[in-house]
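K.L.:
Encoded as structure tokens, here's the structure I'll be asking about.
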Amino acid sequence: MNSFFDDLEQRSRDEREAHLLAALPGHVAHAKNASRAFAQSLAEVDASRVTTRDALAKLPVLRKHELLERQRAHKDTDAFGGFAAVVRGPRMPRVFASPGPIYEPEGAARDYWRAGRAMFAAGFRAGDLVHNAFSYHMTPGAFIMESGAHAVGCTVFPAGTGQTEQQLQAIAELKPDAYSGTPSFLRILVEKAQETGAGIASLRKAMVGGEAFPPSLRDWFGEQGIAAYQCYATADLGMVAYETASREGMVVEESVIVEIVRPGTGDPVAEGEVGEVVVTVLNPDYPLIRFGTGDLSAVLPGICPTGRTNMRIKGWMGRADQTTKIRGMFVHPSQVADVARRFPEIVKARLVVSGEMANDTMTLHVEASSNPRDLDLRIGEAVREVTKLRADVVMLAPGSLPNDGKVIEDARSYK
């Protein structure tokens, strides 16, 4: 049996990188020409020069709140806020709404959301029947999985959510091979089947997403005879990365460019350092460039033991938006980054908020390459200028702070 969805998964890293970077200038030019939003935000950008990751890193990061704000501002004329490069009709078979609401177009391309590769890696094969328990209501989750299953050659039962007893009856009678949906609902189905004696032994594999999927739950499914794999997808981007049989991180999808940046900035971090996942999708219909997911992860070294050669990330490691309210003022990760940029000696900074609510203190922990006289005092003055709040400054040697992506740590007592 073929172990790979296609030959792209085994390309050399140099070949893949060259292909992606060669596509970037045309993609940026297309985004500027076909999308009013990018025509404005990238107005000063020469697309022909965006040929390296360094050049890409100089483009602005698009945050989800900016997408929402622009959609709201233009809702009377364009529900997509000028970001879509297709119009309603044959090239846009569906429109979805995710919380906000943020509206997302679906293009007409086969496996538009690029989920087929992830489902193949999870063991889905042509001829399988997939019990799809993602919601078919407004959001694209169910259609992401359905289109991926079709790309593999599967048949899909559109189960949707809820109605546990009816779903168990359908599983017992249709005998699907695989499940797609949230891990929590799969657990509900399994436990209810054990309680009632419903026959679900046909389920032997699963693609789960939309929630945290701890190893303990993965192992529990394994004890029930179900090999469950997780994927990382969003309503805006589609599939970003997916788990393989190696269980070592998640392999990045072939047609996306992933960067890991310091939270609050668009600056890439060193390999292995935790930061925010920023994604550029080579999708001509919805050409999102440097979309900030708000999720934390890190790049894993080496290649996947299964032979897939693309970049791997550790998976979801928390949220990058660590905005915290302190003494009635909001403090943002971007403000901490602003302070750090003012001092070339600063390698890394982390703001720790401690004490109790309404009686809290701020301490900026700073890794510094050198510690000239009064550096801590000057940093403290910069913190006050940027945040309008006082903070103590603690100087540390490089490598002292945890590698967890936190720029602001809220360590207050809420008792």
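Please treat every number below as a calculation from the coordinates, not as lab data. A quick note: this is a predicted structure, and the numbers were derived from the prediction, not measured. Note that each Cβ is placed from the backbone with ideal geometry, even for glycine, and that neighbours are counted across all protein chains shown.
K.L.:
Mind listing the Cα extents of the chain along all three principal axes, in Å, largest one first?
P.N.:
Dimensions of the chain along the principal axes of its Cα atoms: 75, 52, 47 Å.
K.L.:
Another question, if that's okay. Pick from Arg342, Arg218, Arg290: which is most flexible by mean-square fluctuation in a GNM of the chain where alpha carbon atoms under 10 Å apart are linked?
P.N.:
Looking only at Arg342, Arg218, Arg290, the largest GNM fluctuation is found for Arg342.
K.L.:
Please work out the C-alpha center-to-center distance from the stretch 145-197 to the stretch 87-132 and express it in whole Å.
P.N.:
Computed from Cα coordinates, the inter-centre distance equals 18 Å.
K.L.:
Among Tyr242, Tyr136, what is the fewest-to-most ranking by other Cβ atoms within 10 Å?
P.N.:
Final ranking by Cβ density, sparse to dense: Tyr136, Tyr242.
K.L.:
Something else now. Applying the Karplus parametrisation 6.51 cos²θ - 1.76 cosθ + 1.60 with θ = phi - 60° to the phi angles of the stretch 28-35, what ³J(HN,Hα) value in whole Hz is obtained for each residue in order, glycine and proline being reported as x?
P.N.:
5, 4, 5, 4, 5, 7, 9, 10
K.L.:
On to the next question. Go through Thr265, Leu21, Ala228 and say which Cα lies farthest out towards the positive end of the charge dipole of the chain; charges sit on Cβ, +1 for Lys and Arg, -1 for Asp and Glu.
P.N.:
With unit charges placed on the Cβ atoms, the residue in question is Thr265.
K.L.:
Moving on to the next point. What size of dipole, in debye to the nearest 20, comes out for the stretch 197-312 about its Cα centre when the only charges are +1 on Lys and Arg C-beta atoms and -1 on Asp and Glu C-beta atoms?
P.N.:
Details: 8 positive and 15 negative charges, 77 e Å.
My answer is approximately 360 debye.
K.L.:
Once Rh is set to the Kirkwood radius over Cα pairs, what Stokes-Einstein translational diffusion coefficient, in µm²/s, holds for the stretch 31-119 at a temperature of 4 °C and a viscosity of 1.567 mPa s?
P.N.:
Working: Rh = 14.8 Å.
It diffuses with D of about 88 µm²/s by this estimate.
K.L.:
Choose one answer from Ala149, Ala43, Ala109: the residue with the largest mean-square fluctuation in a GNM of the chain with alpha-carbon springs under 10 Å.
P.N.:
Taking springs between Cα atoms under 10 Å, the residue moving most is Ala43.
K.L.:
Can I ask one more? If you place +1 on the Cβ of every Lys and Arg and -1 on the Cβ of every Asp and Glu, how big does the dipole about the Cα centre of the stretch 324-410 come out, in debye to the nearest 20?
P.N.:
It comes to approximately 240 debye.
K.L.:
Let me ask something else about it. Using only the Cα atoms of the stretch 230-338, build the gyration tensor, take square roots of its eigenvalues as a ≥ b ≥ c, and label the shape rounded, prolate or oblate: rounded if a/c is under 1.5, else prolate if a/b is larger than b/c, else oblate. Kindly include the intermediate steps, with their values, before the conclusion.
P.N.:
Values: a/c = 2.24, a/b = 1.64, b/c = 1.36.
Prolate is the answer for the stretch 230-338, as a/c is 1.5 or above and a/b outweighs b/c.
K.L.:
Next question. Compute the length gained on full extension between Ala34 and Trp220: take 0.36 nm times their separation in residues and subtract their Cα-Cα distance, giving the result in nm to one decimal.
P.N.:
Values: separation 186, 0.36 × 186 = 66.96 nm, distance 4.79 nm.
My answer for the length gained is 62.2 nm.
K.L.:
If I model the stretch 324-410 as equal point scatterers sitting on the Cα atoms and use the Debye formula, what is log10 I(q)/I(0) at q = 0.18, 0.19, 0.20, 0.25 Å⁻¹?
P.N.:
-0.71, -0.79, -0.88, -1.36
K.L.:
Same structure again: By how many nm would the segment from Arg72 to Ser400 grow when fully extended, if each residue of separation counts as 0.36 nm and the alpha-carbon distance is taken off?
P.N.:
Values: separation 328, 0.36 × 328 = 118.08 nm, distance 4.33 nm.
Value of the extension gain: 113.8 nm.
K.L.:
Please compute the net charge surrounding Met138, taking Lys and Arg as +1 and Asp and Glu as -1 over other residues with Cβ under 14 Å from its Cβ.
P.N.:
Details: positive: Arg94; negative: Glu104, Glu106.
Every neighbour counted, the sum reads -1.
K.L.:
Considering only Asn283, Asn33, Asn310, give the residue with the highest GNM mean-square fluctuation for the chain, with springs between Cα atoms whenever their separation is below 10 Å.
P.N.:
Per the Cα network of the chain with a 10 Å cutoff, Asn33 tops the list.
K.L.:
While we're looking at this one, here's another question. Summing Lys, Arg as +1 and Asp, Glu as -1, what charge do residues with Cβ under 13 Å from the Cβ of Glu345 carry, Glu345 excluded?
P.N.:
Working: positive: Arg341, Arg342, Lys348, Arg373, Arg378; negative: Glu367, Asp374, Asp376.
Summing Lys and Arg as +1 and Asp and Glu as -1 gives +2.
K.L.:
What is the sum of charges around Ala198, taking Lys and Arg as +1, Asp and Glu as -1, for the other residues whose C-beta is under 13 Å from the C-beta of Ala198? Walk me through the intermediate numbers first.
P.N.:
Working: positive: Lys175, Lys192; negative: Glu165, Glu173, Glu191, Glu195.
In short, -2.
K.L.:
What FRET efficiency comes out for Ala57 versus Gln163 if R0 is 41 angstrom and r is the Cβ-Cβ distance? Round to the nearest 0.05. Intermediate values should be presented prior to the final figure.
P.N.:
On the way: r = 47 Å, r/R0 = 1.15.
With R0 = 41 Å, the Cβ-Cβ based efficiency is 0.30.
K.L.:
Another question about this same structure. Across the chain, how many lysine pairs, 8 or more positions apart or on different chains, have C-alpha atoms separated by under 28 Å? Please give the number.
P.N.:
27
K.L.:
Quick one: putting +1 on the C-beta of Lys and Arg, -1 on the C-beta of Asp and Glu, what dipole do you get for the chain around its Cα centre, in Debye to the nearest 20? Don't jump to the answer; show the numbers that get you there.
P.N.:
Values: 47 positive and 52 negative charges, 111 e Å.
Charge dipole, the chain, about its Cα centre: 540 debye, nearest 20.
K.L.:
While we're here: Check which residues have an amide H placed less than 5 Å from Ser180's amide H, if you skip close sequence neighbours.
P.N.:
His131, Asn132, Ala133, Met207
K.L.:
Here's something else I'd like to know. I need the phi-derived Karplus couplings for the stretch 374-379: 6.51 cos²θ - 1.76 cosθ + 1.60, θ = phi - 60°, integer Hz, Gly and Pro marked x.
P.N.:
Working through the residues one at a time gives 6, 4, 4, 5, 5, 5 Hz.
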